[in-house]
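A short reminder: the numbers here are calculations on the coordinates, not readings from a lab. Because the structure is predicted, anything quoted here is derived from the model rather than measured. Heads up, the Cβs are rebuilt from the backbone with ideal geometry, glycines too, and the neighbour counts pull from every protein chain shown.
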Amino acid sequence: MSPGGPSHVHVAGDVEIRKASVGSMDNDAYLLTDLDSGERLLVDAASDVDRLLALVAEPDPVGRLAVVVTTHGHADHHGALAAVLDATDAASAVGDADAGDLPVDADRRLAHGDQVAFGSVALEVVALRGHTPGSVALVLQPGDGSTHLFTGDSLFPGGVGNTQGDAGRFRQLMDDVEERLFARFPDDAHVHPGHGDSTTLGAERASLADWRSRGW
C-alpha cells in the first residue's frame, strides 16, 4: 500500500475496516464503520486531510465520523487532526499522558481499560507505555470471533516501537506488549500498526525473547 493509493477494505462482523496510507512517512490511518448505524471512528488523522476526508466518505458520504483516536502524541500521527475535526465535528481522544502533544484540546483523555464507542461498537483501550508515555492501542472484537489490535507505533511486524535507547522505556514497552497483548489475545489476532503492513500475534510471538534481548 502506497501513500495516496486506494484504501484496503476488510469486513469483520458488523464492522468495516478501511486502511489507507498517508503522508511522507507512510502512516497508516484506519477508518472503522459500524455497519448497523453508519457511524465511524478514525484511528490517527496523520496527514493529508483531503485523503482522510475522502476516506471518511468512502463507505457512505452521509455517514457520521463520531470520534478520532490518536494512538500517541508524535506529530506524524496527528498532522491532519485539527482540519479533520473542523470538517466533521468529530470528537477527539488520546492517551492522557500524550494529550499535551496534540494541536487541539482532546475531548477525552484515555486511560488503560477505558472504552471508546461509535454506533453500537465499543473498543477497549490498552495502554502501551514506552514509545511515548501515553501511547494506546485499541482492541476491536466485533463478534465474529476475530480480534483486531490497532497498535500505533508500539507494535509492528518484527518488533516494538523505538524507545531511543532508553532501557527503562524499552523494558516498560516490552512488559506492556507481552502482558497486555500477547498474554491476553490469541495467535490469530490481527495487529494493525501505525506504519507499514499488518501482522498477527502468532507471527510475532516466537520473536519476543529476541526483541527483549536486542533492545531498541
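Points worth noting:
- Spin-label zone in the stretch 20-43 - amide nitrogen under 15 Å from a point set 7 Å from the Cα of A75 along the C-beta vector: 24-25
- Working from label points 7 Å from Cα in the Cα-to-Cβ sense, the D187 to R212 distance is 2.0 nm.
- Centre separation in Å (Cα based) which lies between the stretch 95-168 and the stretch 37-79: 15 Å
- Given +1 at the Cβ of Lys and Arg, -1 at the Cβ of Asp and Glu and no other charges, the dipole of the stretch 8-214 around its Cα centre is 480 debye to the nearest 20.
- In this label model, D144 and A87 are separated by 2.8 nm, measuring between points 7 Å along each Cα→Cβ vector.
- Each other residue within a Cβ distance under 11 Å of E39 adds +1 if Lys or Arg and -1 if Asp or Glu, for a net charge of -1.
- For the pair R109 and A54, label points projected 7 Å from Cα toward Cβ lie 3.7 nm apart.
- Share antiparallel - DSSP beta bridges, the chain, percent rounded to 5: 70 percent
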